[in-house]
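Colleague: Take this structure first; my questions come after.
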Amino acid sequence: MAANRKGSAGPNPKQEEEGTQNALSAIELLKEDHREVEAYFEEYETLEDDAEKEEVALEICLALQVHAQIEEEIFYPEARKGIDKPELIDEAIVEHAAAKQLISEIEAMEVGDSMRDAKVKVLGEQITHHVEEEESELFPAVEAADLDLNALGQRMSARKAELLKQLAEQGEIG
């Protein structure tokens, strides 16, 4: 089940064929990522097998790392220029740092580690909080700003594809 998703944090090939991946605005792209990782967390909760849990946990970590990188490199700097409340960006960056610490710990764990479930659960709770704040506070502020969200979405989509390609070449994803 989980093996079919290897590398699914990347662009959907069908969307690429149709050209719809590049048509996503920055906010649509980020919301799509949010839904994807929420589904991974939900799947994790249903699993019993340690090897399957390991695989889904690593999928969660990969998706979050790529998502955070495109936000920090592209979305947040542009959003900061356009919104009246830069503290929203500061909070998001701090939340990313906390998530990255847990991601690092999860990635370092051995299959069957008794703390994995707890760490994945806490990471899920942190991400749920982060997503709620972004979607209810930051995204509306960005939508109200004078930013070209479609051009920003294209830049973010291209960077996401580049990161996933680099990870695949390094053997991080299959």
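Every number here is computed from the coordinates shown, using simple stated rules; none is lab data. As the structure is a prediction and not an experimental result, all values here were calculated from the model. Here the Cβ positions follow ideal geometry from the backbone for every residue, glycine too, while neighbour counts run over all protein chains shown.
Colleague: With the cut-off at 1.5 for a/c, could you classify the range 124-174 from its C-alpha gyration tensor as rounded, prolate or oblate? The partial results should precede the final answer.
Modeller: Values: a/c = 5.97, a/b = 1.43, b/c = 4.16.
It comes out oblate by the Cα gyration axes.
Colleague: So how far, in whole Å, is the C-alpha centre of the range 87-160 from the one of the range 49-70?
Modeller: Between the Cα centres of the range 87-160 and the range 49-70 lies a distance of 13 Å.
Colleague: Which shape class applies to the chain: rounded if a/c is under 1.5, otherwise prolate when a/b exceeds b/c and oblate if not, where a ≥ b ≥ c are the square roots of the Cα gyration tensor eigenvalues?
Modeller: Cα axes put the chain in the oblate bin.
Colleague: Sticking with this one: Taking loop as defined by DSSP and a crowding limit of 11 other beta carbons within 10 Å, which GluC sites (Glu not before Pro) in the range 24-62 fit?
Modeller: E48
Colleague: Give me the extension gain from A158 to E42: residue separation times 0.36 nm, minus the current Cα-Cα distance, reported in nm with one decimal. Please report the intermediate quantities before stating the final value.
Modeller: Working: separation 116, 0.36 × 116 = 41.76 nm, distance 2.77 nm.
Taking 0.36 nm per residue and subtracting the Cα distance, the gain is 39.0 nm.
Colleague: Here is a further query. Simple spin-label model, 7 Å along Cα-to-Cβ: E135 to A108 in nm?
Modeller: 3.2 nm
Colleague: Sticking with this structure for a sec: State, to one decimal in nm, how far the label point of I93 lies from the label point of A118, with both points 7 Å from Cα in the Cβ direction.
Modeller: Distance between label points: 3.2 nm.
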